[in-house]
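For reference, the structure is listed below as structure tokens.
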Amino acid sequence: MKLVFISQIILTALLFGCSNMEPVDVLFVNANIHSIDTMHQSYTAMAVKDGKVYALGERADLEARFQAKSIVDLDGKHIFPGFIDAHCHLYGLGEQQLIADLVGTHNPDEVVARLKEHLPNIGEGSWLRGRGWDQNDWPSKEFPSKDLLDAAFPDTPVFLVRVDGHAAWVNSKALEIAGITANTASPNGGKIGLHNGMLTGILIDNAIELVRSHIPATSDELLQHGFSLAIKRCLEYGITGVHDMGVNASKIRAIKSMIAQDKFPFRVTAYIDGRGDEWEQLLADDERIFGEMQLILAGLKMYADGALGSRGALLLEPYEDDPGNIGVQISSESDITKETIRAIGQGLQVCVHAIGDSANRLVLNAYEVAIRQTGAKNHGLRIEHCQVLHPDDVARFSALGVIPSMQPTHCTSDMYWAESRLGPNRVTGAYIWKSLLETGVLLPFGSDFPVEHPNPIDGIYAACTRKDKEGKPSEQSHIENDFNLSQSSTIRPKQYEHGWFGDEALSRIDALKGFSSSAARVVKQEKYFGTLSTGSYADFFVIDVDLSSCSDEALLNSAVYETWVGGQIQYSKSEGSAQ
Ligand SMILES: [Zn+2]
């Protein structure tokens, strides 16, 4: 990358006369600029002024019109609007680096080994925390027991969240601090694990809170540190903004304080995590935008059910591999309706987590009542995940104007066992983003990090191929073994041959829109973010390949060179590398 400084510009100005030249901050030339606007136009030069895109066009034209403080020659590289992750947990990504990472462990003993390594980091008297274990990755595929943790850590409370956040594995010390015994009743929407009348150390959904509420609160300093770590990682992947699915008062305070200190080069559209004081405050407050559109308080996040992996997703019929179980309902239809009506009245949005077909129907029903009662049109009501849909409900999203907010990598993480949970019929309604898009909805995409890896490239690859990074499922792969279908009545190689239910794969441009323009549009921010257009914020990244047309291999190997937010460079590959 070549930086040509002001002397040359002045020379040009002197030669051609500077009277007509307007001053701008930076001129990017010799680039392939992808606008990702409705026309998907491309340009070779862009002028940036006061943090915004001032003009787009051809180099000669822009050089003749503008006097720039600096010129960046991109040597033919590509510029795309900054990625927007439409469903994630920003602090969780930073916290992941503060607590033990258990992703990819091959058995429970490996979890204990990693915890022993991490133990010296936590400080005296603290809880030993971890996140990311998944029993589906282990030989037994069964939930672990507290006994293993008790043997290794008899005196330190241990709290380990499952990869999907819907189960926790804890030791006896943690249960003791929380006052949980074998006689404690499970709360609504949760389960305290018992085996032969003894505590197992596994807590599902709302039961997790019984222990989590005893973990000492995180200090403001630590929160800001966690956010900084998270933002740094996002910028490495070209992410310039996120929809944060669950903030509370202390996180909002930390972000505002970072904005005031000019330490927050990022855009967060945030949703309050559950009903309570913070939600009441937001309903009452007029001020919802902070800094230079760095924090936007947009609405409320609620949960209708749990997750498919831990069989907490609420299904219309029992699980194929757990016949007595239809999952866990977390919110009632009437509660969702009530809060939605209040939110619409104050110009706020509601996002409800719904994974199972029954949970999705419940939320659609609740939204339908609220929309009818308020007469709202451009309400921006969202369902988060929409993983399993009954065929009758697919067209209801566009009919009601409800936004399906989906995460493509959930599909490629879950596809190995999704059919064993759902059976051969219901699985055809799982992760059906193309069917939804064809009904005319806007389709924002996210990663749900830290549940999945934050890199949007992984999501784009998953959305367009419906394959894992090894290219499975493919004609060559051993479908029967990889996809755990031995219990299933039918194997339909065709639906596994070209990606997992490959008919649901998207075009590259539709997937890119999911992580940029569509993500901005669903929060009514299309004037500011998600495209590169005159007047939008200069939030973008520079990359070596054309993401809209390169091969799948080139996509997976692509690397972001630089990330700019508000016209300022905030990440440069030469100064730090992505993990
Ligand atoms: Zn989430």
Check: Between S549 and E58, what length comes free when the chain is fully extended (0.36 nm per residue of separation minus the Cα-Cα distance, one decimal in nm)?
Finding: 174.6 nm
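Stretch T181-D286 to full length: gain in nm at 0.36 nm per residue minus the Cα-Cα span?
On the way: separation 105, 0.36 × 105 = 37.80 nm, distance 4.55 nm.
Result: 33.3 nm gained on full extension.
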Next item on the list: Mind giving me the FRET efficiency for N325 and K256? R0 is 30 Å, r the Cβ-Cβ distance, nearest 0.05 is fine.
Entry: 0.10
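Within 10 Å of each candidate Cβ there may be at most 13 other Cβ atoms; applying that plus a DSSP loop requirement, which GluC sites (Glu not before Pro) in the stretch 30-114 survive? Write down the numbers at each step before the final one.
Values: sites: E58, E63, E95, E110; in loops: E58.
When the GluC sites (Glu not before Pro) of the stretch 30-114 are filtered for loop state and at most 13 Cβ neighbours within 10 Å, E58 remain.
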Note to self: Cut-off under 16 Å on the C-alpha distance; same-chain residues fewer than 8 positions from K377 excluded. Which aspartates and glutamates are left, in chain and number order?
What the structure shows: E368
Notebook entry, point to check: Which cross-chain or sequence-distant (5 or more) residues have an amide H under 5 Å from the amide H of L314, H modelled 1.01 Å from N in plane?
Noted result: G306, V328, I355, G356, A359
Checklist line | Table column - 3J(HN,Hα) (Hz), the stretch 208-213, Karplus curve with 6.51, -1.76, 1.60, x for Gly and Pro | finding: 4, 4, 4, 9, 4, 5
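Shape verdict for the stretch 288-349, please, from the Cα gyration tensor: rounded (a/c under 1.5), prolate (a/b greater than b/c) or oblate.
Values: a/c = 5.84, a/b = 2.20, b/c = 2.65.
Cα axes put the stretch 288-349 in the oblate bin.
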Note to self: Run the simple label-point estimate for E470 and Q568 please: 7 Å along Cα→C-beta, distance reported in nm.
What the structure shows: 4.5 nm
Next item on the list: Starting with the highest mean, order 238-248, 541-551 by the number of other Cβ atoms within 10 Å, averaged over the residues of each peptide.
Entry: 238-248, 541-551
Next item on the list: Sort H118, H78 so the one with the fewest other Cβ atoms within 10 Å of its own Cβ comes first.
Entry: H118, H78
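Calculate the FRET efficiency for D155 and N248 from the Cβ-Cβ distance with a Förster distance of 30 Å, rounded to the nearest 0.05. Before the final figure, lay out the partial values.
Working: r = 30 Å, r/R0 = 1.01.
Plugging the Cβ-Cβ distance into 1/(1 + (r/R0)^6) gives 0.50.
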Item checked: Alpha carbon centroid spacing (whole Å) that separates the stretch 320-364 from the stretch 499-578 -> 31 Å
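For a Förster distance of 41 Å, can you work out the FRET efficiency between the beta-carbons of M198 and N378, rounded to the nearest 0.05?
Values: r = 54 Å, r/R0 = 1.31.
Once rounded, the FRET efficiency stands at 0.15.
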Margin query: Please list, ordered by chain and number, the residues whose modelled amide H lies under 5 Å from the amide H of G130; skip anything fewer than 5 residues away on the same chain.
Written below: A100, F159, L160, V161
Margin query: For the chain, what does the helix formula give at 222 nm: sum of -39500 (n - 2.57) over DSSP H segments with n ≥ 4, over the residue count, nearest 500 deg cm²/dmol?
Written below: -9500 deg cm²/dmol
Checklist line | Full-extension gain in nm, K263 to N188, via 0.36 nm per residue minus C-alpha separation | finding: 22.9 nm
Margin query: Output wanted: per-residue J couplings in Hz (rounded whole) for the stretch 147-155, from phi through Karplus 6.51 cos²θ - 1.76 cosθ + 1.60, θ = phi - 60°, x for Gly and Pro.
Written below: 4, 4, 5, 4, 5, 7, 9, x, 10
Checklist line | Karplus-derived HN-Hα couplings along the stretch 36-53 (A = 6.51, B = -1.76, C = 1.60, θ = phi - 60°), whole Hz, x at Gly and Pro | finding: 6, 7, 4, 8, 6, 6, 10, 9, 10, 9, 8, 9, 10, 9, 6, x, 10, 6
Notebook entry, point to check: Taking neighbour Cβ counts within 10 Å as the exposure measure, how do D393, D305 sort from fewest upward?
Noted result: D393, D305
Check: Among F153, F529, F83, F515, what is the fewest-to-most ranking by other Cβ atoms within 10 Å?
Finding: F153, F529, F515, F83
Check: What residues have an amide H closer than 5 Å to that of M302, excluding those fewer than 5 places away on the same chain, when H is modeled at 1.01 Å from N in the peptide plane?
Finding: C351, V352, H353
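Laboratory data are not the source of any read-out in this text; all were calculated from the coordinates shown. What you see is a predicted model, and the numbers here were worked out from it, not measured in a lab. A quick note on method: Cβ atoms are made from the backbone with ideal geometry, for glycine too, and the neighbour counts reach across all protein chains shown.
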